[in-house]
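The values are calculated or read from the model by the stated rules, or taken from the named source; none is laboratory data. Keep in mind that this is a model prediction, so the values were computed, not measured. Heads up, the Cβs are rebuilt from the backbone with ideal geometry, glycines too, and the neighbour counts pull from every protein chain shown. Surface areas here come from the heavy atoms of the whole protein model, side chains and all, with no ligands, DNA or RNA. Shrake-Rupley method; radii C 1.70, N 1.55, O 1.52, S 1.80 Å.
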Amino acid sequence: MAQPDPRSPKTNRPPNGNGNGGDPNFNWRGLVLFAIAIAMLGGAYVFHNGGGPMMGVAKDLPYPDFVRTLEEDRLVKDEKTGVASLDLVSEPGSATDFVTGVRREKENGAPEKFKTQVNLQYQPHLQWMLEEKYKIKVTPKTDSTFLASALLNIFLPLGLILMVFYFFFRQQIRMAGKGAMSFGKSKARMLARDKNKITFKDVAGVQEAKEEVQEIVEFLSDPKKFQKLGGRIPKGVLMIGAPGTGKTLLARAIAGEADVPFFSISGSDFVEMFVGVGASRVRDMFEQGKKSAPCLIFIDEIDAVGRHRGHGMGGGHDEREQTLNALLVEMDGFDTQEGVIIIAATNRADVLDPALLRPGRFDRQVTVSLPDVKGREEILRVHAKKVKLAENVDLSIVARGTPGFSGAELANVINEAALIAARRGLKAITNEEFEEARDKVRWGRERRSLAMSEKEKVSTAWHEAGHALVSVLLEHTDPLHKVTIIPRGGALGVTMSLPVGDQYSLGKKEALDRLAMTAAGRIAEELYTHDLSTGAGMDIKQMTRLARKMVCEWGMSEKMGMVEYGKNDDYVFLGSNLGQGREYSEATAQMIDTEVRKLCDDAYARALKLITDHRERLEIIAKALLEFETLDGKQIKDILETGGMQTPPPPVAGKRPRPTEPPPLVRPEGTTIAPDFPPGLTGAPA
C-alpha cells in the first residue's frame, strides 16, 4: 500500500515548511539579499571612481608624472587608428578639471587607468599642446557629479540597507501591521496530516460512536454512494459524553482518517475582551472553511460559547450571545454553503441553546458513554502497547475490576502501574501493580506518613469493621473488595466495594442495603468509644443524598408516590432558577423530610441489629485490621464463617497495640441517628 504524501494537502510543502531540509527558522532569503546588497555597494564604489570591469579604480597621477608619461609616449593607443586619446573632464562652476586616460607604467607594463588634476585658467595651452605637439586626441566632457554622488553615496546605500532590514524583519513588520486589527481573525488551526497519527484503530471502547463518525469520513471520500439515494451529509455532529470518554480523541481520529482539511478551535477562543470579536471570529472561521471546502471544523468545549440564551444575571448586551447568534446563522442561514462540516464536543449538553441542537445545525448527536467491560478491555489493550507487561497479566481481569472507569482513567491506570513497577525496580508490570494502580486512581494514594494517634487508629478500625461486616451480611450490596485503615485520599480508612459487572440502574433493595451498610460505620465506632465523632460525616452525607434521591427522584417512597419533587440541581446554571420558588408546598416539603428521615432511621436500625447479633465477629475484624491494616473480601468472609482467616496477610513491620476489651453495648433498642449521602465511597474521612 502506498504511503501518504507527508506534505500538506493545501500548501504542498514539505514538513519543515521552507522548501529545503534546513532549519525552517533560518532566513536564507535575507542572507542572499544581504550579500547582493554588499556586492552592489562595492560595484557602485568602483564605477563611481571611474573604474571598469578590467581596469579597476582610476589612479591619481601627479602633473609632473603626467608630463613625463607624454614625453615617454606611454599612453595606450587605439589598435585601429594608432592614436592615443584622453578625456578632458570639466565640472561647471569649478576651475579644476581632470585629464583621464590609460597609460602603461613601464614600456611593456600592464595598462592602468589614471586621472590628473589640471587648471585650464593657468594652463590654457594644455589642450593645444596635447593635440599639436603630442598628436593626442582630446575629448572634452562635462561632468555634473552632484546628482550622481548623491545617488551613489546616499540614496543607493540607504535604499539597500532598508531593503535588507525589510527582508530580515518582514515577519515582525507584518505582525505589527496585523496586531491592532487582528482580533477578529479566527484562531482555528489547520491540523497537518503528518503531525496527526491518530486513526480509528487507536479508538476503542466506543464502537457505536465510532461508527457514527466513520460515516462522515466515508461520505467525504465517496459522496456519490449516499447522494444517489438522495441523502445529504450532516452539517454538524455534536459529541456528548462524560469527561474522559474520548470525544477529543474521536475528533483527532477523524482528522487522521479524512482526506480533507481539518481545522481545530476551542469554544473559549471566540470570546475576547473586545465587544464583537467573537462574532467576527466565527465569520472568519467559516470564510476559511468555505475556501477549503469540503473541510471539517472541530470546536472543543462548545458549551463555552453555546450556552442557553436569556439565562444569567442582569440584561443588556451579551458578547457570548452575539457570538452564538453568529454561529447559528453561519451553520444554517441564508448564505449557507455546503461542504463545511462542524464537529463539536461537550460534557454539558444540558446548558446548550435549543436552536443550536435542532436538525439543520447539529443534525446528529453522538453519545460517547462510559465503556462496558469489553470496551474497557479494548482500551487497556490499546494503551498497554506502550508498556511492558508480565506474562501472567490478564487485562480482562483488570477490565472487570474497573467498572465505571472512563477511557482517560484507564489510561491513567496503565501509566500509574508502569510508574509503580519502575519505582520497585521491576522489568515488567505485574498484576500487583495493576491492583495498586486501580486503587490509587479510584480511592487515592495511601498516606502511610500520616501521624494518627492510637485512639484514632482503634476508632477507625472499628468504624471500617462495621462497614465491612454489614456489607458481607446484606444480600443486595456490592461484593466487598478490600477494607483498610491506612489513610487513603481524604479518608482515614476505606471500605472498598466493587460491583460484579457493569451497573446501569439501582434497585430499591440495593439502595436500602447501601443505606444500612453506610450507617454501620457510625454504629460500630460508637459501640467501642461510647461517643460520637466527626469520622462519620461523609457517611451521613452519603445517606442523606441517597435517601433524598429515592424520595424525590426515583419514586421509591410509598407515601410520596411516583412524583418528582424539584429539579435536579447537580449543575447550577447561575441565574436560571433565580426568582423561582419551589414546585411543591411547605406541607409536601415536610412530608419529604419525614420520609427521608424514616429511610435513614430504618437503615440505622437494620445495621444496629446486624452488628449487635455479630458483635464477636466485629471485634475479630477490628483486631485483625489493627494487626494487618488491610484485609480483602475473602478474609472478611472467612472471619464471619469460621471466626478466623485461612490465609492471613503478612504482618506489618512493627508492633501494633491491641485494643482493650470493649464494654458491652449499652443502647436502647429503638434509638437511631439521622444520617446522609449517596452511593459511592464509604469510609472514615480525614
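Listing for the model above:
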item	result
Ranked order, Tyr604, Tyr504 - accessible area, probe 1.4 Å, largest first	Tyr504, Tyr604
For region 331-451, the spread of Cα positions along each principal axis, largest first, Å	65, 38, 22
Probe 1.4 Å, all protein chains present, accessible-area order of Val382, Val282, largest first	Val382, Val282
Taking the C-alpha atoms of region 190-260, convex hull volume expressed per residue in Å³	105
Cα convex hull volume per residue for region 195-305 (Å³)	129
Nearest-10 value in Å² for the accessible area of His125, using the 1.4 Å probe	100
Measure of compaction for region 334-405 (Cα Rg per 2.2 N^0.38 Å)	1.74
Given Lys77/Lys115; Lys559/Lys598; Lys210/Lys291; Lys59/Lys133, the pairs whose alpha carbons are separated by over 20 Å	Lys210/Lys291; Lys59/Lys133
Table column - 3J(HN,Hα) (Hz), region 478-488, Karplus curve with 6.51, -1.76, 1.60, x for Gly and Pro	5, x, 6, 9, 6, 9, 8, 10, 7, x, 9
q = 0.22 Å⁻¹, region 459-553: log10 I(q)/I(0) [Debye, one scatterer per Cα]	-1.19
FRET efficiency for Asp593 and Ser533, using Cβ-Cβ distance with R0 set to 22 Å, rounded to 0.05	0.30
R0 of 41 Å, Cβ-Cβ distance Ser453-Ser585: FRET efficiency to nearest 0.05	0.25
Full-stretch length increase - Lys634, Asn108 - with 0.36 nm per residue and alpha-carbon distance subtracted	177.7 nm
Equivalent ellipsoid semi-axes - Cα gyration tensor, region 249-309, angstrom	23, 15, 8
Virtual spin-label span in nm between Tyr63 and Ala408, 7 Å along Cα→Cβ	9.5
Computed lengthening from Phe155 to Lys80, 0.36 nm per intervening residue step minus Cα-Cα distance	22.9 nm
Coil-residue GluC sites (Glu not before Pro) of region 383-451, DSSP, other Cβ within 10 Å capped at 16	Glu391
Whole-Hz couplings from phi, Karplus 6.51/-1.76/1.60, listed for region 550-565; x for Gly and Pro	4, 7, 8, 10, 9, x, 9, 10, 5, 6, 8, x, 8, 10, 8, 10
Where Val393, Val83 fall by accessible area, highest first, once all protein chains stay in place (1.4 Å)	Val83, Val393
Amide H within-cut-off set for Ala84, under 5 Å, with H built and near neighbours excluded	Asp78, Lys137
